[in-house]
Amino acid sequence: MTDQAVGGGHLPPEAARAPATTAPGPRGAPRQDGATARPTVPATAAAPAPGGFTGRRRELKALHADIARAGLDTLSGRKGARSRVLLIAGRPGSGRTALAEELLRELAGDHPDGVLRATLTGPGGEPADTGHTARELLAALGTGAPPGAPEDELTERLREALAGRRALLFLDDAPGADQVEPLLPDAPDCLVVVVSQGPLTGIPDVRPCALGGLDSAAGVAVLSRYAGPTRITVDPRTADRVVEECGGQPAALVLAGAWLAARPMSSVADLCQALDAVPLPPDLPTGARPLFRAFRLAHDGLPAPAARMLRLITLAPGGLVDAHIASALAGCSVAVATTTLGEFAALGLLRPVTAEDDEVPGARAPDAALYLPYRLPGCLGPLVRDLLTEHERPAEVQLARARMLERTVRLLQSCRAMGEPADSPARQKTAGLPRSLRFGSRAAAAHWLRSRRGALLDAARIAVADGELDTLDRRLMAALTRTLLAHQGAEAAAPDLYALHGLVLRVAERRGLPRERAAALLNLGDLDGQAGRTAQALTRYRGALEAARSVKDPMATGRALESLGGAYTELGDWQRAADWYGRALELRLARGEGADAARLHGRIGGALAHAGRWGEALKAWRAAVGAYRRLGDVAGQARATGEAARVQEYAGRPEEALRTCLEALDTARKAGDGRLEAALQLRIADTLDRLGDPAAARLHRAAGERLLGDHPE
C-alpha cells in the first residue's frame, strides 16, 4: 500500500498542508470553465512539499547510480526503445513512497515534461483498473480518448502521447508486473519509477531497491520531528528502543511520535511501555507487528466517537474523505467532523491531499475547511478495515453508507444548480439549503466537481454494488449525470457518462426495469456510435428496442428505431437504413408527431438516394415537403425541395431539377434563409452550365457568391 504520508523523512502534519511543488509540465488542455488544466494531475494525490526528508541517502545514491548504468538493451551501444524502470520495493509503511517522491524531486529538473502519478491499488486493496489509470494519465497530458475505449486502445494512446517527451511516470503501490507493463512508455527519454511490495517479474532490466527499516539515528529524527526534541534528548536510550520496537518503519515511528506529541505529560518510556502492552494476533507476521502495534496504540487512544469515525472512513468513495463525507458516515455535525479530521492528520492517521489548485475559488474562508480532502495512508487501510469488520455491524455499515450517499446527492444537486443562471428555480432552491451545502460561486462548485470527480464516480459504483439502497443508486447517478453536463458539457463529460450509463444498465437489468434498461442502452449506443463502434451500437439499439417494446414505451421505441436507421446509414447499408427509418416514421405518424415525421421522410429520401432508387427517393422528399408545408416550416420546406431537386439531377433529369431548384429558391427567400438561398443559387448555376446556358449560370453564380458574402457562417 502507498505510505506517502508516513514514509521516512516526511514533514510534520502542519507542514504537510503546504501546497505541493511539482516539476514543470506540458501545457494542459483548456477546461470547460475556461481555466487551464494542471499539467501534472496525479491519479491520486500530489507530491508532498520537499524539505524534510530523513535517511535513505544510501538508497537514493543507489537509485541515481541505477539510472546512470547501462541497461541490458543498451549494452550494444544503442539506446533502448522503452523507458527505463526503477523499482523501489518494500513492505507497506517502509517509507517507499516517500523515497520515490524525494527521488522524483531530485530528477524533476532533467525532465521538463513534468511528473505523472498514478496509484495502481484501489482504496479497498484491489488492483486498479488499467484502462481507467491510462485514461486519467491521458487527461493529465491534455489528451482525450473516446468514451468506452477498451484498455488496449487507452494504453496505446498513452504510449503515443508520451513518445518524444521527457517525463517522469510514477506508478505507486503496484500489485505486480501485470499492472505496470501496459503503462510503460515507448519513450527512452522518459523514466518510470515504480513502488511495489515485491519484484516486477517479467519486466526486463529491473533491479529493485529493497527497503528495510531506518537506522537508529534516522528513526530518532522522525520521532523528534513529531514529538519534539526535548523528551527524546533526555532519554536517548529509550528513544533508540522505541525505534527498535517500531522496526525502523517510518509509518510506525510517525504514529508513535504523534501519540507522544498528543500527550505532553508522557515520557518516551511511557511510549515504549504502551507499545509493548499492545496485544498481537498469534498469526501476525513478524514484519507486520511494529505497524500493527503503533496503529492500535493510536486507535485505542481515541475517544469512542472519533475511533468510530476513523473506522467508517474506509467507506469513503475513492478513499477521499472531507468533512461532509465524514459527518455523514459518522452521523455527526460538519463542525465536529472538520475538527476530528484535523486531529487525525496531526496523529498521522490521515494525510491532507494537496494539489496545485486546491484553493477553492470563491469559497468563504470559514467554509474552506469543509472541502479540504484527506486520505487514509494506504499502509493503514487493511488495519482500519479489519477494525471496521470487528466493531461495526453490517446494518450499521449500510446505514452509514446510505447517509454518505444521500449527502453526496444533495451536494451534487447544489453543485448542478450553481451551473445554471442566477434567477433559475434550481439556484433559488439552493438558497434554502443549509450553509454547509451551498457553494460560494460557480467556480467553487466546478472546482469541487473537478477535484472529486473520481470519488463521485466511485460513489456511484458503491451505490450500485450495494444493491439494497432502494432508489438511492439511481438518484445518485441521475444527479451526477446532470451535474457533469451542467459544468463540463456533453463532449467533455462523455467518458464519465459512458461509465454512468453502464451502471444504470446494471441496475436496470438486476431489478428488471425495462424503461431504464432501454434508456441506458440508447445512451450507450449513441456514445458507441460517436466513437466509431457502429456494430456495438447496433447491438445496444436492438436491446433498447426490445426493452422499450416490452413496456409499450413509444418514445424509447421511436428513438431506438431511428437510431437503428442511423447506425445502418453509418455502415452504408442504405436499404436497411431506409427500412428502419420507415418503421420509425409509421410510429411518428400514428402519434401525430409531425415534425419528427417530416424529418424521417427526409432521412428515408436520403437513404434511398444513396441506394440509387431515384423514384422512391423523390417520393420521400416530396412527402417531406408536404409535411413541412403543413407544419408551416418554410425553411424546412425549402431544404426538402432543394433535396428533391438534387435527386432529379442524380436521376439524369436536369430540366426538372432546374424547375424544382427555382421553386426551392423562391421558398428560401420567403423563409429569409440567406445561406440556403446562396447554396441554391450556386446549384442552379451548375445545372445551367450543364444545360448549355453559361450566361445565365454566371448571373446565378454571382448572386450566390454575393449572398455568401452577406451571410457568412
Residue in region 278-304 that is modelled with the lowest pLDDT, counting only those that are in a helix (DSSP H, G or I) and in contact with a Lys or Arg (Cβ under 9 Å, 6 or more places away or on another chain): Gly287
- request: Search region 556-568 for residues being closer than 18 Å to Ala508 by Cα and open to solvent by 10 Å² or more (accessible area, probe 1.4 Å), and hand back the single one that is farthest from the chain's Cα centre (by Cα).
  value: Thr557
When residues of region 351-390 are limited to those that are acidic (Asp, Glu) and either modelled with pLDDT of 90 or more or touching a strand residue (DSSP E or B) at 6+ places or on another chain (Cβ under 7 Å) (or both), the one farthest from Pro175 (Cα to Cα): Glu390
field: Single residue of Arg549, Arg515 found to be touching a residue at least 12 places away in the same chain (Cβ under 8 Å), in a helix (DSSP H, G or I) and open to solvent by 40 Å² or more (accessible area, probe 1.4 Å)
entry: Arg515
query: (1) touching a Pro at 6+ places or on another chain (Cβ under 6 Å); (2) of a type outside the set (Asp, Glu); (3) surrounded by fewer than 22 Cβ atoms within 10 Å (Cβ to Cβ): which one isn't true of Leu571, the others all being true?
result: (1)
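Tell me the residue from Ala531, Ala520 that is open to solvent by less than 10 Å² (accessible area, probe 1.4 Å) and under 20 Å from Thr481 (Cβ atoms), please.
On the way: Ala531 fails: open to solvent by less than 10 Å² (accessible area, probe 1.4 Å).
Criteria check complete, one pass: Ala520.
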query: Just to be sure, is Ala98 under 18 Å from Val254 (Cα atoms), modelled with pLDDT under 95 and either in contact with a helix residue (DSSP H, G or I) (Cβ under 8 Å, 6 or more places away or on another chain) or assigned to a strand (DSSP E or B) (or both)?
result: yes
message: Quick check on this structure: which one of Asp573, Asp526 is under 30 Å from the mean Cα position of the chain (by Cα) and of a type in the set (Asp, Glu)?
response: Asp526
- line: Flagged in region 211-225 as touching a helix residue (DSSP H, G or I) at 6+ places or on another chain (Cβ under 9 Å) and closer than 19 Å to Pro92 by Cβ, in numbering order, are Leu211, Gly213, Leu214, Ala218, Gly219, Val222
statement: The number of residues in region 225-276 that are basic (Lys, Arg) and either buried (at least 20 other Cβ atoms within 10 Å of the Cβ) or touching a strand residue (DSSP E or B) at 6+ places or on another chain (Cβ under 8 Å) (or both) is 2
message: Suppose we filter Ala444, Ala459 for residues that are surrounded by 16 or more Cβ atoms within 10 Å (Cβ to Cβ) and under 21 Å from Leu497 (Cα atoms); which single one remains?
response: Ala459
message: Among the residues that make up region 598-613, is at least one of them in a loop (DSSP other than H, G, I, E, B) and farther than 18 Å from Ala644 by Cα?
response: no
query: Inside region 698-707, can you point out the residues that are touching a helix residue (DSSP H, G or I) at 6+ places or on another chain (Cβ under 6 Å) and either over 25 Å from Gly672 (Cβ atoms) or open to solvent by 60 Å² or more (accessible area, probe 1.4 Å) (or both)?
result: Arg701
- line: Within region 662-697, of all residues that are basic (Lys, Arg) and farther than 23 Å from Tyr650 by Cα, the one surrounded by the fewest Cβ atoms within 10 Å (Cβ to Cβ) is Lys670
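One line per residue, one yes/no per condition, for (1) part of a helix (DSSP H, G or I); (2) among the hydroxyl-bearing types (Ser, Thr, Tyr); (3) closer than 26 Å to Ala108 by Cα; (4) open to solvent by 20 Å² or more (accessible area, probe 1.4 Å):
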position	(1), (2), (3), (4)
Glu156	yes, no, yes, yes
Asp172	no, no, yes, no
Gln179	yes, no, yes, yes
Thr201	no, yes, no, yes
Cys209	no, no, yes, no
Leu214	no, no, yes, no
Leu223	yes, no, no, no
statement: If we ask which residues in region 106-133 are open to solvent by 40 Å² or more (accessible area, probe 1.4 Å), touching a residue at least 60 places away in the same chain (Cβ under 8 Å) and not in a loop (DSSP other than H, G, I, E, B), their number turns out to be 1
- prompt: Glu468 is checked against (1) in a helix (DSSP H, G or I); (2) of a type outside the set (Val, Ile, Thr); (3) closer than 30 Å to Val397 by Cβ and fails just one. What number does that condition carry?
  reply: (1)
statement: Residue pairs within 8 Å by beta carbon, gap of at least six or interchain, first lying in region 277-293 and without any contact (Cβ under 8 Å) to a residue 24 or more places away in the chain, second of a type in the set (Lys, Arg), listed first then second, are Val278/Arg293; Val278/Arg296; Leu280/Arg289; Leu280/Arg293
- request: Go through region 627-713 and tell me which helices (runs of 4 or more DSSP H), entirely inside it, have 3 or more residues that are closer than 28 Å to Leu600 by Cα, of a type outside the set (S, T, N, Q) and in contact with a Phe, Trp or Tyr (Cβ under 7 Å, 6 or more places away or on another chain).
  value: 634-650
query: Which numbered condition trips up Ala620, out of (1) more than 30 Å from Gly582 (Cα to Cα); (2) open to solvent by less than 60 Å² (accessible area, probe 1.4 Å)?
result: (1)
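Only one residue in Ala609, Ala635 is among the aliphatic types (A, V, I, L, M), closer than 29 Å to Ala597 by Cα and surrounded by 20 or more Cβ atoms within 10 Å (Cβ to Cβ), so which one is that?
Residue meeting the stated conditions: Ala609.
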- request: Consider only pairs whose beta carbons are under 8 Å apart and that are at least six residues apart or on different chains; among these, list those whose first residue lies in region 407-431 and is in a helix (DSSP H, G or I) and whose second residue is of a type in the set (Val, Ile, Thr) and buried (at least 22 other Cβ atoms within 10 Å of the Cβ).
  value: Arg407/Ile325; Thr408/Ile325; Leu412/Thr483; Gln413/Thr483; Cys415/Thr483; Arg416/Thr483
Residue check, Glu136 more than 21 Å from the chain's Cα centre (by Cα), outside any loop (DSSP other than H, G, I, E, B) and of a type in the set (Asp, Glu): no
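The values are calculated or read from the model by the stated rules, or taken from the named source; none is laboratory data. Computed from a predicted structure; not experimentally measured. Neighbour counts are summed over all protein chains in view; Cβ atoms, including those assigned to glycine, are modelled from backbone coordinates with ideal geometry. Areas reflect the complete protein model, heavy atoms only, side chains present, ligands, DNA and RNA absent. Shrake-Rupley method; radii C 1.70, N 1.55, O 1.52, S 1.80 Å.
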